[in-house]
Structures are given as structure tokens and as C-alpha cells.
């Protein structure tokens with residue numbers, strides 16, 4: 001697919017407070033973008049402007065000509081219509097378009113099968129589980145065959161342990177339906193699970209925009225870097241130790257350091273915590289405390305090590 | 001000390017219950033007694049004789065009873081429907097929007113229940129006379145709506161304040177036009193608010209004597225109009241029977257309404 | 001919403017409101033000056049007002065109406081507050097029975113008038129009971145209620161109709177007062193009356209203020225109850241206006257409309273002054 005969804009100098013104010021300040025983004029079609037930002041950063045406003053629910057005060061959103069249908073927004077709490085059955089919820093957009101009943105029935109049932117809620121078509125939203133509600137809301141959106149789908153905090157009302165399953169499910173939907181998917185979330189883990197593209201939004205301003213792995217390992221600003229995960233600042237006194245020749249400040253991710261056990265090593269392990277997929281080590285090196293994520297499990301507190309820097313970034 | 005306060009509390013409860021019975025139940029019992037009697041004459045205290053004269057008269061002999069009860073029910077229901085129709089969009093705007101002079105507009109629109117009915121009624125009578133609305137059921141529905149819509153407006157405003165606006169946004173994002181969203185998404189969820197406002201509008205319309213008499217001029221039958229001559233003619237048994245009907249009818253109607261709303265809720269697992 | 005959409009939202013009520021209430025009131029005010037009422041009106045602009053303000057019957061019925069409105073609204077508030085408190089303090093098992101207080105709310109005004117009539121007219125039930133108890137000696141203190149110049153029967157009917165409304169509104173507030181607050185006050189040594197005055201009443205103040213305005217203005221201009229229970233002299237303003245409007249010559253139309261205009265202006269002024277005073281009072285109380 002060709003083309004971009006473009007935000008051009010978009011500004012929006014609510015009650016004299018700026019929610020979006022001069023926003024510029026180009027989202028490549030057919031990709032999945034996560035907009036990451038703390039609450040109150042204007043993420044939902046951005047989606048509402050895209051969904052044509054509100055209009056920007058100035059600037060414009062330009063969709064490529066190939067896109068014929070309006071982007072559909074799935075709200076955080078799904079906003080299922082409580083008085084309608086799941087069937088009628090899914091059928092709502094088609095009914096509003098006055099399609100023939102038979103056609104609606106076929107489309108709704110096919111979509112329900114795809115999202116595996118075909119066994120709950122007669123239930124009411126209050127009788128559904130969190131996951132079923134989300135699938136119902138997605139079905140209601142997807143049955144309209146949109147080219148762009150917008151998700152507002154898709155994990156907020158789900159069990160934590162369903163996260164990766166849901167992320168996989170959403171990704172597969174995005175691929176199957178060839179959707180451009182724009183998700184907003186405040187959780188970096190969710191953002192990275194869902195998307196290849198990332199935008200970081202803080203106080204209505206775009207801090208960073210690009211491919212997820214580029215932003216993660218080569219962020220453009222410290223603020224953006226911190227938002228995606230723990231960052232170690234390397235003091236100048238240690239540049240020599242890490243064989244660095246830089247005049248800028250140097251930072252690295254917690255997983256960008258390697259430990260080499262050495263009885264005469266300069267660094268000492270202070271503590272070790274099991275975090276599931278990795279261990280979190282706190283290491284003391286010349287009065288500096290450094291965080292390190294590693295899958296090495298044979299080390300423990302008090303051991304001496306040497307550190308090797310695999311990857312870093314500097315400003 | 002503890003015992004003393006317990007005794008005091010029991011006496012207080014007993015007193016409250018006796019007052020409630022004396023003031024609110026006893027009159028109804030007296031009405032029942034009168035309804036089943038042929039007549040009541042001073043100094044009583046019992047009726048002259050027990051009889052079903054009032055029942056026979058009202059239900060079988062008198063010409064206008066069923067007509068007037070149907071007419072009253074009909075124009076009261078029309079008043080509820082018209083109030084609802086008129087109030088829904090203004091309530092939506094007053095609940096959701098902030099605009100200059102909003103408090104003034106809201107106060108103005110709610111004022112018809114605050115100001116004395118008499119102040120406006122003559123002016124309205126002249127206008128309705130001019131527009132040919134006097135002596136018609138339509139005129140009665142209009143005048144009853146004018147004086148009673150604020151009850152509906154107030155309930156709908158609070159209904160809309162509790163309604164999640166994002167749901168309307170969702171519906172329009174899914175491509176529904178505004179009137180489609182209003183009827184299929186908003187109205188069903190406003191049922192509790194309507195169920196709070198409608199009985200009040202219905203009841204005040206159903207009870208109204210003066211406005212119906214003023215605008216209807218006797219051409220449109222009404223239950224209160226049917227009752228009036230019996231009161232002024234001191235026919236206690238018939239008057240009592242009609243007062244009892246005035247108690248029973250709304251109770252029946254509200255029980256019906258309650259059970260319908262409850263059933264709708266229960267099916268959808270809403271609380 | 002855009003301006004035009006907002007205006008479209010408000011139209012369904014603004015149009016009938018202006019068409020009937022605003023236009024009707026303008027018409028009333030205009031006709032009170034003689035304009036549009038009588039073809040060859042001879043009086044000056046304010047002559048109808050001059051005439052009725054000099055009319056002793058008008059003054060008499062104004063004072064009478066104000067008295068009835070005041071007595072019945074204060075009475076309804078007093079008895080209603082008392083009953084609300086009593087019902088609030090009832091043990092749970094009586095709550096269902098206590099719901100009976102709502103009865104007069106569903107009863108039309110004319111039926112309330114009828115109940116007062118058969119109970120308290122001089123040949124009614126209550127005097128009859130006194131007659132039996134005293135073996136024909138007396139008809140009791142209520143025997144002349146209907147024909148008293150104080151309007152006792154009308155006031156009684158209004159109180160019977162309106163006190164339950166007061167109970168309904170106050171109970172909604174009372175049920176939201178946490179029990180702990182009352183217990184705390186009692187532990188601090190406050191007696192029942194002091195608790196009511198200092199803890200409960202401040203919570204009720206707003207609803208009492210609103211109720212007073214509603215009840216006062218309602219009984220000032222209502223028709224049904226005085227139409228059945230009233231006497232010809234003094235008569236309530238609303239009855240006087242009605243009789244003048246329907247039963248007298250068109251020449252008197254400006255006199256009717258001048259009365260209505262005065263009632264309207266009075267009510268408007270009453271609402272504004274009362275609400276302002278209530279607000280000031282509230283602020284003073286809050287400062288203390």
C-alpha cells in the first residue's frame with residue numbers, strides 16, 4: 001500500500017489549555033503505530049480528531065485518496081450499547097446505513113465467527129467478559145470494512161495476563177484485514193508489543209516518531225528514552241573504563257550491558273531480583289549505581305564483575 | 001438510662017405511626033365507607049344505609065364516566081409524549097454544553113412550574129382563542145404541556161448528565177446519523193430518566209382541573225370535570241368513589257410502568 | 001456543538017415558550033394599559049392600575065391571598081419537616097407503612113378540597129364526632145373552619161396536599177446524612193433539638209428555601225382549592241381574576257390584566273429577592 005496519513009500542524013485547545021501543539025506525523029498505510037504518552041498528553045484527542053469526532057482548531061489531517069471509509073475508533077471502555085444484544089451491537093453501523101437485513105445478517109455472523117464470539121450473539125454487553133466485550137467492539141468496527149482502525153488503550157480493561165495474547169490477536173487482525181492501526185497507550189510494554197512504529201507524545205507535543213527499535217535503542221532525547229524503559233547515565237569518569245571517546249553525555253539501556261565475572265573486576269553486584277524473563281541486577285561501579293537486565297543466573301550479590309558496553313546513545 | 005431512651009424511642013415510633021394512620025389512612029377508610037353508602041347525613045357518624053348506589057350510578061347509569069376517564073387518560077398521555085418530544089433536545093444541550101447565559105436560559109425554561117399558574121393562563125387563553133385551540137383536545141394537551149414540561153426537562157437533563165457522551169460519539173463514528181443515534185442509542189438509555197419524569201407529568205395533567213376547564217370549556221370531558229358537580233352538589237358517596245378511582249388508577253399505571261422497566265432492565269443485566 | 005446546532009437544540013422549547021408565555025405576558029401587559037383590549041379605551045396608560053390600587057376589594061383579596069400563601073407554605077414546611085424527621089427516625093420495619101404519606105401527592109387538588117369539605121364543613125364528619133362525644137353540646141373547634149375569614153379550610157387543604165411533598169424532598173436529603181455524624185454529635189453531648197438545629201437543618205436549608213418559593217407562589221395563584229373551599233368575601237385573587245375575566249364586561253379587561261401583571265411582577269420580584277436573601281444567609285451561616 002502506498003501513501004501516508006498525515007497530521008499537518010494540528011492544534012487543539014480545551015478551555016484555554018492546549019491539548020495538542022502543532023502536531024506533525026506521517027503514518028505509513030498498512031502499518032501499526034502506537035502513540036505512547038502519559039495520561040493527559042492528548043492521545044485520545046488525537047484519535048478523536050482522526051475519527052472525525054472533533055475537529056482540530058487549526059492544521060489538518062490528510063488521508064490518502066485510496067482511503068474511502070472513515071477511520072473507526074474503539075474506545076477504551078468499548079462503549080457497547082447496553083440495551084442491544086451483541087448481534088445488534090455489531091450490526092449497528094450496517095443498520096444505520098440501511099443495508100438489507102439479509103446482507104447484515106451474513107456480514108455480522110461471518111465477522112462474529114472470525115472474532116470467535118458467534119456463541120454470544122444473543123447476550124447483552126453486561127453479560128460479557130472483558131475480552132468478549134473487546135472482541136464485540138472490534139467486530140462492530142471491522143464489520144464496516146474500515147481501512148483505518150483506532151484503538152484507545154486496548155489493554156486497559158483486560159486482565160494483565162491476557163496482554164500478550166491480546167497483542168498477538170490484534171496484530172493478526174491488523175494483518176488479516178490489511179488495516180492501518182493506530183493505538184494509543186500509556187504503557188511502553190503494550191506499545192512495543194503492538195507496533196512497529198512508535199510516536200511519543202508528551203504534553204501535546206511529539207517527542208519522537210519512528211520505527212520502534214530505532215527509538216528504543218537510538219532515541220532522540222533523554223525524555224523519550226526514559227519513557228520506553230530504564231536508562232543508565234554513564235558518568236564521564238567512567239568513559240575511560242568503557243573505552244568511550246565522546247564529548248556528549250552517554251547513556252545506555254539496562255540490557256545493553258554485559259557482565260563478565262572476574263574476581264578482580266571493578267564492579268560489584270549489590271543486589272539481584274528475579275523478574276521472570278530476566279534478572280534485574282544493581283551494580284556498583286566507582287560510586288555509581290547501574291541497572292542491568294540479564295539472563296545470567298549464576299551470579300549473586302557480592303560477586304565482582306567487569307562490565308562491557310554493547311550499545312549506547314549520546315546527546 | 002439505656003432503657004429509658006429505648007422506651008422513649010418506642011413511644012416516638014408509636015406516635016409517628018399513629019399520626020400516619022390518622023392522617024393518611026383514616027380518610028381513605030372514610031372515603032371507602034362513604035362510597036359504599038347511599039348517603040351521609042349530619043350528625044352521622046355512620047352512613048344512612050350501606051348501598052351500591054354510587055357504583056351503580058357511576059359505572060352503569062351516568063353517561064359521561066367512561067368517556068371522561070378515557071379522555072383524561074388520553075390527553076394526559078399525549079401531554080407526556082409532547083413534553084418528551086419537546087424536552088429531549090433542549091435537555092441534551094443543557095446537560096452537555098456550556099454556553100453564555102446558560103443558567104438564565106435554564107432558569108427561564110424551568111420557570112413555568114415556579115410562577116403562579118394564574119399569571120399566564122389568561123394571556124394564553126386569549127392566544128388560544130385566537131388560534132382556535134380552545135374547546136379542543138389539542139388545546140388541552142398544549143396548555144398542559146406548557147405548564148408541566150419542566151418536570152420532564154429536569155429529569156432528562158439529569159439523565160443526559162449521567163449518559164456517557166462517548167457512546168454518542170461512538171455511534172456517529174460508526175456512521176449513524178444524529179436522529180438514528182438519538183432514537184436507538186440515547187433514548188433507550190434515558191428510560192430511567194423518562195420513567196422518573198413521565199409519571200409526574202402524567203399525574204399533574206390527569207389531576208388538573210382549572211386549565212382543562214379554562215381551555216376545554218367543558219367541550220372536552222375529563223375525570224376532574226366529571227367529579228366537580230358531585231362535590232359542589234354534596235353527593236358524598238359518588239364523590240368518594242371517584243376520589244378512590246383517582247387513587248387507584250395512577251397506582252395501577254405506575255405499578256405497570258415499574259414492572260415493565262424492571263423487566264427490560266433485568267433482561268439486559270442492568271442494575 | 002456549533003452555535004447553530006445549539007440553537008436548533010433549544011428551539012423545541014424556546015419557540016413554544018416565546019409563543020405562549022412571552023407573547024401571552026406581553027399581551028397581558030399591553031391589555032392592562034388598555035392597548036388592544038377595548039376598541040375605544042378612555043383611560044390613560046396606567047389608569048387601570050390606579051383604579052385597582054384604590055379598590056378596597058382588591059387590597060383586601062391581595063392581603064387575603066398573601067396570608068393564605070404564607071400560612072399554607074409555612075405550615076406545609078413546618079408539618080412536613082416534622083413528619084420527615086419522624087419518618088426518618090422510624091425503625092426499618094415501619095418504612096413500608098410510612099410510604100403511605102405519599103397519598104396526597106397523587107391526589108388532585110379538587111379531591112383534597114373534597115376531603116377537607118366532608119371532614120370539616122360545619123355539617124361534616126369532624127363536627128359530627130364532636131357532637132356525639134359531647135352529646136349534642138358542641139360541634140368542636142372546627143365547626144366554622146370553612147366560613148372563617150382566616151381561610152382555615154383552604155390553608156388546611158394546601159397543607160395536606162403540600163406537606164407530603166416537603167417530606168418527599170427532605171427525606172431524599174436526610175437519607176444521605178451519614179449516621180456516624182449524628183452519633184458523633186450525640187457523643188459530643190448534643191441534645192436532640194441541638195442536633196436538629198446544628199447538624200440536620202443546615203443540610204436541609206437549600207431544599208427548604210426552594211420549597212418555600214415553590215409552595216408560596218403556587219398557593220398564591222392556584223385556583224382549584226379556593227374555587228371549592230373559598231367564600232365570596234374575602235376571596236382569593238385568582239378567583240377574583242377569573243370571575244372578572246369571564247363574568248364581567250369586556251370594558252373591565254384592563255382591570256383583569258392589570259391584576260395579572262401585578263401578580264406576575266410580584267412573583268418575579270419575590271423569586272429574585274428571596275433567592276438573593278437565601279444566598280446571603282447561606283454565606284453568613286457558612287462564615288460562622
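The values are calculated or read from the model by the stated rules, or taken from the named source; none is laboratory data. Quantities reported herein were computed from a predicted structural model and do not represent experimental measurements. Glycine also receives a Cβ, built like all others from the backbone with ideal geometry; neighbour counts cover every protein chain displayed.
Considering only segment C:99-142, give the helices (runs of 4 or more DSSP H) lying wholly within it that have at least 3 residues that are at the interface with chain B (Cβ under 9 Å from one of its Cβ atoms), touching a helix residue (DSSP H, G or I) at 6+ places or on another chain (Cβ under 9 Å) and within 16 Å of residue C:158 (Cα to Cα).
In segment C:99-142, C:103-106, C:109-120 are the helices (runs of 4 or more DSSP H) which contain 3 or more residues that are at the interface with chain B (Cβ under 9 Å from one of its Cβ atoms), touching a helix residue (DSSP H, G or I) at 6+ places or on another chain (Cβ under 9 Å) and within 16 Å of residue C:158 (Cα to Cα).
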query: Restricting segment C:245-255 to residues that are without any contact (Cβ under 8 Å) to a residue 24 or more places away in the chain and within 12 Å of another protein chain (Cβ to nearest Cβ), which is nearest to the chain's Cα centre (by Cα)?
result: C:245
task: Residue by residue through segment A:35-79, note down the ones that are in a strand (DSSP E or B) and within 12 Å of chain B (Cβ to nearest Cβ).
output: A:72, A:73, A:74
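Can you tell me which residue among C:177, C:154, C:200 is more than 30 Å from residue C:231 (Cα to Cα) and either buried (at least 19 other Cβ atoms within 10 Å of the Cβ) or touching a strand residue (DSSP E or B) at 6+ places or on another chain (Cβ under 7 Å) (or both)?
C:200
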task: Go through the residues of segment C:149-161 one by one and say whether even a single one is over 19 Å from the mean Cα position of the chain (by Cα), free of Cβ contacts under 8 Å to residues at least 40 places away in the same chain and within 23 Å of residue B:31 (Cα to Cα).
output: no
- prompt: Out of segment B:149-175, which residues are free of Cβ contacts under 8 Å to residues at least 40 places away in the same chain, surrounded by fewer than 23 Cβ atoms within 10 Å (Cβ to Cβ) and closer than 22 Å to residue A:97 by Cα?
  reply: B:166, B:167, B:168, B:169, B:172, B:175
query: Right, residue A:110: closer than 25 Å to residue A:48 by Cβ and out of contact with any strand residue (DSSP E or B) (no Cβ under 9 Å at 6 or more places or on another chain) or not?
result: no
statement: Residue pairs qualifying under the 6 Å Cβ cut-off, at least six apart or on distinct chains, with the first in segment B:228-240 being within 7 Å of chain C (Cβ to nearest Cβ) and the second being assigned to a loop (DSSP other than H, G, I, E, B) and surrounded by 14 or more Cβ atoms within 10 Å (Cβ to Cβ), are B:236/B:40
task: Working only within segment C:71-98, note down all residues that are at pLDDT below 90 and within 9 Å of chain B (Cβ to nearest Cβ).
output: C:89, C:90, C:91, C:94, C:97, C:98
message: Checking the structure you have, find out if any residue of segment B:167-186 is modelled with pLDDT under 95 and within 30 Å of residue C:245 (Cα to Cα).
response: no
query: If we scan segment A:267-285, do we find a residue that is part of a loop (DSSP other than H, G, I, E, B) and touching a residue at least 40 places away in the same chain (Cβ under 8 Å)?
result: no
- prompt: Right, residue A:128: in contact with a strand residue (DSSP E or B) (Cβ under 9 Å, 6 or more places away or on another chain) and either in contact (Cβ under 8 Å) with a residue 12 or more places away in the chain or closer than 13 Å to residue A:87 by Cβ (or both) or not?
  reply: no
Residue in segment C:266-274 that is touching a residue at least 40 places away in the same chain (Cβ under 8 Å), crowded, with 21+ Cβ neighbours inside 10 Å, in a helix (DSSP H, G or I) and at the interface with chain B (Cβ under 8 Å from one of its Cβ atoms) present: yes
field: Tally, over segment A:166-180, of residues that are on the phi > 0 side of the Ramachandran plot and part of a helix (DSSP H, G or I)
entry: 0
field: Condition check for residue A:172: surrounded by fewer than 23 Cβ atoms within 10 Å (Cβ to Cβ) and free of Cβ contacts under 8 Å to residues at least 12 places away in the same chain
entry: yes
